[in-house]
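Written below as structure tokens is the structure these notes are about.
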Amino acid sequence: MSWLSRMLGGKSDGGLKPQRLDYLNEALALERQGDFDAALTSYRLALRDHPNDPRILQNMAIAFSRTGRLEEAVRAYRRALELDPLLSGAHYGLAFLQLRRGDPAEGARHLQAFLDAPPSGAEADRWVRHARQTLEELKAAPVRDVAPSDQGEA
């Protein structure tokens with residue numbers, strides 16, 4: 001064993017091995033700095049290492065939303081929910097994306113799923129209150145009938 005290897009706590013099995021970067025933490029740090037495009041690159045690398053991690057997909061969906069890539073965000077949330085149907089954050093995010101897309105029924109369904117298994121903690125209370133309020137507003141909203149077009153009648 002070489003003296004350098006011993007100093008670094010290595011073994012005598014042939015030298016130092018390169019360490020993999022922690023792409024998830026790198027992505028989170030980039031998001032905190034507001035660099036969502038770079039964060040998405042790191043999330044993709046993290047997903048390559050852990051292809052079935054729903055939390056990586058959820059974080060990707062958030063970054064996609066913040067960069068205006070709403071369809072990609074919806075796909076990432078849906079994939080996260082395929083892997084973990086109880087992932088409350090994915091239900092919450094998908095609910096509001098569906099509302100933005102004009103689908104209140106789907107939005108309400110995901111808000112209810114979020115509220116069925118909400119996260120806990122002081123910070124989570126804010127999101128739970130927001131989800132409850134939005135769901136109540138959706139239930140109270142009048143159902144709009146869509147009248148058939150007159151097909152050119154004057």
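The values are calculated or read from the model by the stated rules, or taken from the named source; none is laboratory data. Just so you know, these numbers come straight off a predicted model, no measurement behind them. Reconstructed Cβ throughout: ideal geometry from the backbone, glycine too, with neighbour counts over all protein chains shown.
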Only listed residue being among the charged types (D, E, K, R), surrounded by fewer than 15 Cβ atoms within 10 Å (Cβ to Cβ) and either at pLDDT below 95 or out of contact with any strand residue (DSSP E or B) (no Cβ under 8 Å at 6 or more places or on another chain) (or both), chosen from Glu26, Glu71: Glu71
Residue check for Gln33: modelled with pLDDT of 95 or more, surrounded by 11 or more Cβ atoms within 10 Å (Cβ to Cβ) and either farther than 24 Å from Arg79 by Cβ or of a type outside the set (D, E, K, R) (or both): no
Residues being without any contact (Cβ under 8 Å) to a residue 24 or more places away in the chain and in a helix (DSSP H, G or I) - total across region 52-73: 3
